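These notes are about the structure you will find just below.
The values are calculated or read from the model by the stated rules, or taken from the named source; none is laboratory data. Since the structure is predicted, the reported quantities are computational estimates derived from the model, not experimental observations. Using ideal geometry, Cβ is built from the backbone for each residue, glycine included, and neighbour counts are taken over all protein chains shown.
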Amino acid sequence: MKALILAGGFGTRLRPITFNIPKCLLKVNNKTILEHQLDLLSSFDEIILATNYLEDKIWDFLRKRNIDHVSINNEPEPLGTGGAIRNAEELLGKEFLVMNGDLITNCNIDKIIAKGTNTILLHEVDDVSRFGKAIFDNNGLITDFKEKENVHIPGWINAGLCYLNNGIFKYIPKNKFVSLEREVFPILVKEKNLKMVKNDGYWFDVGTKDDFIKTNLALANSDKLIGINCNIKNSILYNSVIMDGCTIEDSTIKDSIIGPNNKICNMKINNEIIS
């Protein structure tokens, strides 16, 4: 079976770090987001990355790690979640898994596949206002999606992972920007053809600075995350991620991300991303 990872995003909410590093190669708990996802998809025969931005760096990573069951499908321009799937049509089989490139989860893949195609993963959150809310019946059929609203209530959200079949292509025009969530899933809902599975493991969206820090610290079970080959002296670090190769001396860093190979001395840094 094949899986498609949608890894073509520009990582705009994590700039300036993502000016030089594609989001899928940022490290979470000292392992790239892509490696977390490949671990989840270890039972799949082939994994396809839908990429565009900084694609050469992803190729270099795959070659250096001798990862030979992963291929890249280039998007000549951003096509959205639906357009990226259609762009990979010739590479995908009759049934396939699709996963957003900015999530980390230990969900039960077998449980999703056992439900059959046209099944999406849902995750329960304390506040659905950022994501929109999925509505479903007692039989596990999605009946509606509520758009993002300024209503801070708990609920179940689309977790960015779905199991589809090649019938999905008839809903997605070629070479056009299409949102799977906004344009395709509502059609499947009307046709009563979209099922759900509840996630009973962890799930993190790592698209923003705060979420990136939160995910790192949660998986490390710590109030700070320090990368490989770092040298920290006489400094206070709190709720921050320090990437590989950094030297930090006589400084205080709070609520921040420090990119790789930085040297910081005698500074107070708060709520910043430093590339």
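Matching residues to (1) in contact (Cβ under 8 Å) with a residue 24 or more places away in the chain; (2) of a type outside the set (S, T, N, Q):
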| position | (1), (2) |
| --- | --- |
| Gly11 | yes, yes |
| Pro16 | yes, yes |
| Ser42 | no, no |
| Glu46 | yes, yes |
| Asp60 | no, yes |
| Pro76 | yes, yes |
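Would you confirm whether any residue within the stretch 217-231 is exposed (fewer than 13 other Cβ atoms within 10 Å of the Cβ) and in contact with a strand residue (DSSP E or B) (Cβ under 8 Å, 6 or more places away or on another chain)? Yes, there is a match, as at least one residue in the stretch 217-231 is exposed (fewer than 13 other Cβ atoms within 10 Å of the Cβ) and in contact with a strand residue (DSSP E or B) (Cβ under 8 Å, 6 or more places away or on another chain). For the stretch 190-202, taking the residues that are part of a strand (DSSP E or B) and either among the β-branched types (Val, Ile, Thr) or out of contact with any Asp or Glu (no Cβ under 9 Å at 6 or more places or on another chain) (or both), the one that is surrounded by the fewest Cβ atoms within 10 Å (Cβ to Cβ) is identified as Lys195. Is one or more of the residues making up the stretch 23-36 among the hydrophobic types (A, V, I, L, M, F, W, C), more than 24 Å from Met243 (Cα to Cα) and free of Cβ contacts under 8 Å to residues at least 60 places away in the same chain? No, because not a single residue in the stretch 23-36 is among the hydrophobic types (A, V, I, L, M, F, W, C), more than 24 Å from Met243 (Cα to Cα) and free of Cβ contacts under 8 Å to residues at least 60 places away in the same chain. Here is a check on your reading of the model: is Asn87 more than 27 Å from Val178 (Cβ to Cβ), touching an Asp or Glu at 6+ places or on another chain (Cβ under 9 Å) and in contact (Cβ under 8 Å) with a residue 12 or more places away in the chain? Taking the combined requirement at face value, the residue does not satisfy it.
In the stretch 234-254, which residue that is of a type in the set (A, V, I, L, M, F, W, C) and crowded, with 16+ Cβ neighbours inside 10 Å is farthest from Ser275 (Cα to Cα)? It comes out as Leu237.
Got at least one residue in the stretch 204-214 being in a strand (DSSP E or B) and farther than 20 Å from Phe136 by Cβ? Checking the stretch 204-214: at least one residue is in a strand (DSSP E or B) and farther than 20 Å from Phe136 by Cβ.
Residue-by-condition table, conditions (1) surrounded by 15 or more Cβ atoms within 10 Å (Cβ to Cβ); (2) touching a Lys or Arg at 6+ places or on another chain (Cβ under 8 Å); (3) of a type outside the set (A, V, I, L, M):
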| site | (1), (2), (3) |
| --- | --- |
| Leu26 | yes, no, no |
| Asp39 | no, no, yes |
| Asn73 | yes, no, yes |
| Pro78 | no, no, yes |
| Gly82 | yes, no, yes |
| Asp102 | yes, yes, yes |
| Ile109 | yes, no, no |
| Thr117 | yes, no, yes |
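For the stretch 48-67, the condition of being part of a strand (DSSP E or B), outside the structural domain of Asn262 (by TED's automatic domain parsing) and among the polar types (S, T, N, Q) holds for at least one residue. Of all the listed residues (Phe131, Phe169, Phe136, Phe145), the sole one being touching a Pro at 6+ places or on another chain (Cβ under 9 Å) and surrounded by 13 or more Cβ atoms within 10 Å (Cβ to Cβ) is Phe145. Look through the stretch 105-141, keep the residues that are among the β-branched types (Val, Ile, Thr) and within 24 Å of Phe212 (Cα to Cα), and return whichever of them is nearest to the chain's Cα centre (by Cα). Here the answer is Thr105. Considering the stretch 148-163, the residues that are modelled with pLDDT under 95 and either farther than 16 Å from Lys198 by Cβ or aromatic (Phe, Trp, Tyr) (or both) include one that is surrounded by the fewest Cβ atoms within 10 Å (Cβ to Cβ), namely Asn150. Looking at Val197, is it in contact (Cβ under 8 Å) with a residue 12 or more places away in the chain, in the same structural domain as Gly9 (by TED's automatic domain parsing) and in contact with a helix residue (DSSP H, G or I) (Cβ under 6 Å, 6 or more places away or on another chain)? Against the criterion (in contact (Cβ under 8 Å) with a residue 12 or more places away in the chain, in the same structural domain as Gly9 (by TED's automatic domain parsing) and in contact with a helix residue (DSSP H, G or I) (Cβ under 6 Å, 6 or more places away or on another chain)), Val197 qualifies.
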